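Below: the structure, in structure tokens.
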Amino acid sequence: MSLTRPFHALTAAAVVVAVALGPAALPASAATAQPLPSADQLKSALLTAADLGPGWTEPPVTQSPSPSAGASPSASPSNPVTGCDALSALINMYVTRPGAAIPRAETELDGPNGNPMVTQALAAEPSDQLATDFNSAADALKTCHTITFNAGPSDTVTFTVSPVTLGDRKDAPAVHLDGTLAGVRLNGYVGIERFGTVAMAFGYFERQGSNEQAASMEYRTAVAKVERSLGTKAGSTTAPTAVPATPTEGRRV
């Protein structure tokens with residue numbers, strides 16, 4: 001068995017957080033009513049290998065997970081998730097629909113030998129729509145206790161899901177996923193956060209270990225960088241300051 005194969009199933013768990021980032025395309029009226037950060041501005045707020053320290057690398061873009069492009073390659077395209085009815089419904093709906101027409105950026109960062117792994121996604125929506133999407137995902141996470149992902153043609157992995165606190169905000173939804181595939185223990189820490197009109201989905205995944213302290217440290221690093229880059233605090237409903245003054249102003253550098 002490849003050392004990275006167990007991570008295929010765990011990477012699929014990153015889809016859980018993507019449901020917070022708006023599965024529906026923006027109406028034209030919403031796009032003009034409220035200026036949003038551009039995809040490039042969101043990209044500049046993402047973690048880099050340098051942010052996480054020595055030994056971390058960024059795989060080629062073609063290897064990075066992209067929730068907007070659909071499910072993880074190891075997940076079944078028709079029914080990738082079972083269990084946790086509300087959460088499963090959101091994920092299955094998300095991975096079978098086209099990518100949302102919203103500003104977004106994603107990254108995947110690998111630790112030494114691909115373990116652990118950090119995923120992060122940022123997406124922007126008008127405040128009201130983001131509140132609806134974010135609250136739906138938060139409620140689904142909070143009511144989930146076990147969830148099963150298809151890990152290949154004949155493999156499934158069932159994760160026990162339990163609430164955790166990753167950052168300084170006690171109200172920020174976050175969960176710990178714990179499961180086993182082919183005798184290999186898989187762990188994930190998944191958190192979602194809001195920065196005004198921007199949502200963040202964060203995942204920390206590892207095999208043969210469960211380091212909540214490290215997951216929390218990387219999560220806090222991610223939150224701090226988004227706050228600096230976008231000019232708004234975690235949990236805020238105020239739009240970021242790093243956005244175009246008007247929809248036609250263009251991109252700031």
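Quick look at the numbers
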read-out	value
Using θ = phi - 60° and Karplus 6.51 cos²θ - 1.76 cosθ + 1.60, couplings along the range 39-44 (whole Hz; Gly, Pro as x)	4, 5, 5, 5, 4, 5
Solvent exposure of the range 142-203 as accessible area per residue, Å², 1.4 Å probe	37
Sum of side-chain charges, residue 57 neighbourhood, beta-carbon under 12 Å (Lys, Arg +1; Asp, Glu -1)	-3
Residue (of 213, 189, 147) at the positive-pole extreme of the range 110-224, dipole from beta-carbon charges	213
For the range 125-224, radius of gyration divided by Kirkwood radius, i.e. Rg to Rh on alpha-carbons	1.00
J(HN,Hα) series, the range 117-123, from Karplus relation 6.51 cos²θ - 1.76 cosθ + 1.60, nearest Hz, glycine and proline x	9, 10, 10, 8, 9, 10, 8
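The values are calculated or read from the model by the stated rules, or taken from the named source; none is laboratory data. Since this is a predicted model, take the numbers as computed values, not measurements. Cβ coordinates were reconstructed from backbone atoms using ideal geometry, including for glycine residues, and neighbour counts include every protein chain displayed. The area values use the complete protein model at the heavy-atom level, side chains included, leaving out ligands, DNA and RNA. Shrake-Rupley method; radii C 1.70, N 1.55, O 1.52, S 1.80 Å.
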